[in-house]
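Notes to accompany the following structure.
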Amino acid sequence: MNGIILFAGLILFLWLGRSILIPLLVATFLWYLINATATYVRKLFPFNTTNARATRPVLARTFDWTSNILSVIAMCGLIYFFATQIQPMFRELMTAMPVLQHKLVIFGNYLSDSLGLRFDASMLPNITNIAANIGASVAGLVTSTGMIFVYMLFLFIEQSTFNKKFSALFPNKTKYKKVRYIIDSIDDNMKKYLFMKTLISGITGVLSYFWLQMIGVEFAGIWAFIVFITSYIPTIGAIVACALPILYSLITAPSLHQPILTAIGLIGLQILFGNILEPKLTGKTLNLSTLAILINLVFWGMIWGIAGMFFSVPLLVAIFITTAQFDSTRWIAILLSADGNIPDKREE
């Protein structure tokens, strides 16, 4: 009974505190993504081994700072690109929404006449309202930009003190090693996941843009950006990334030629990068059950909306690794796993 009350209290806290917790989570995500990128960029520079760091500490530290600066520049470049290129396209698309809704009704009438089905315009989704709701969610996040950057700034400032604080929190060496092992496992898996996911999502988005631009689909930049963002949302993200531009081309193109090419290109890219290359690059980083991922996606989506869906997998990875380290919770990790194989438990 106490467990149920505690769980209900936690859900209530997450829901009521979403206006504070979501910007903090976004800031942590960006901070962590920059660190993950810096870690992989650092591997391209010399003096990145333990022995090299001991013999050339100044040079090693210089390359560390260089990788951090390059990662920050890359992140700022992405934000600038979105603000100057993608955001104006979104405004144009929002302006065209009523016209698109009318074309969608015409397309529905055409399908009903062709298939001999009874059609009611009220059965169609109101894309204007849907876009307005999504825009309101994004606008709410944008208004928290200042808070997000403040959180990020303090995370970077205090980053150098994390190890000292961690040691002070666990003076007992046995407990320290146990918790350190859990934190390091989460850190290693999360950095690999975020870096590879971002890299693959970026490549998929860029190739989607060139393909859509080549076949003449309007707002190719928006659809490519949606492909990039929704790649972080498991299963549903790939469906949304393909469905939106395909539906748009269906209701705007004069023939089926363009929609067919749109479907072939986008679905092909999702299969190639999402189903073939990504598992090979990430290995067994995410040995998670598809059912567990979907349930987790719905859970966080109900509490935090789109932001919750976006962060559902990283949160599930942290839960998966943590529960695998304690005898009382290893059964949870087994249920979350794809094949029953879970991380080894560090002995006391």
**Study point:** Convex hull projection area averaged over all views, segment 160-222, Cα basis, nm²
**Key:** 6.0 nm²
Study note, to complete from the structure: At R0 = 45 Å the Cβ-Cβ FRET efficiency linking LYS173 and LEU59, nearest 0.05, sits at 0.85
Check your understanding: Averaged per residue, what accessible area in Å² does segment 166-313 show with a 1.4 Å probe, protein chains only?
Key -> 49 Å²
Check your understanding: How far, in nm, would the chain grow between SER255 and ARG180 when pulled straight, counting 0.36 nm per residue and subtracting the alpha carbon separation?
Key -> 21.0 nm
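When the accessible area of segment 1-83 is split by element with a 1.4 Å probe, what percent falls to carbon and sulfur? Show your work: numbers first, answer last.
Values: 4210 of 5480 Å².
Accessible surface attributable to carbon and sulfur in segment 1-83 totals 77 percent.
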Check your understanding: In nm, to one decimal, how far is the ALA8 label point from the GLN87 one, both placed 7 Å along Cα→Cβ?
Key -> 4.3 nm
Exercise for review: Would you calculate the separation in nanometres between label points at LEU78 and ILE303, each defined as 7 Å from the Cα along the Cα-to-beta-carbon direction?
Suggested key: 2.4 nm
Revision key, fill the gap. Here the residues of segment 21-55 lying in the modelled label zone of PHE156, meaning backbone nitrogen under 18 Å from a point 7 Å along Cα-to-Cβ, are 24-42
Check your understanding: From the residues ILE236, THR204, PHE219, which one has its Cα farthest along the dipole of segment 201-348 in the positive direction, the dipole being from +1 and -1 charges on Cβ of Lys/Arg and Asp/Glu about the Cα centre?
Key -> PHE219
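Shape verdict for segment 186-342, please, from the Cα gyration tensor: rounded (a/c under 1.5), prolate (a/b greater than b/c) or oblate.
On the way: a/c = 2.73, a/b = 2.22, b/c = 1.23.
Note, shape of segment 186-342 comes out prolate.
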Exercise for review: State which entries of LYS165/LYS191; LYS43/LYS197; LYS43/LYS175; LYS164/LYS191 exceed 25 angstrom in Cα-Cα distance in the structure shown.
Suggested key: LYS43/LYS175
Review point. Pulled fully out, how much extra length does the chain show between LEU315 and LEU199, if you take 0.36 nm times their separation in residues and subtract their Cα-Cα distance?
Key: 39.8 nm
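What is the percent carbon and sulfur in the accessible area of segment 163-304, measuring with a 1.4 Å probe over the protein chains and ignoring ligands?
71 percent
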Study note, to complete from the structure: Share of Cα-Cα pairs in segment 144-190 beyond 11 Å, whole percent, is 72 percent
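The values are calculated or read from the model by the stated rules, or taken from the named source; none is laboratory data. All figures in this text were calculated on a predicted structure; none of them were measured in a lab. We place every Cβ from the backbone using ideal geometry, glycine too, and count neighbours over all the protein chains shown. Remember, those area values only see protein heavy atoms, side chains included, never the ligands or the DNA or RNA. Shrake-Rupley method; radii C 1.70, N 1.55, O 1.52, S 1.80 Å.
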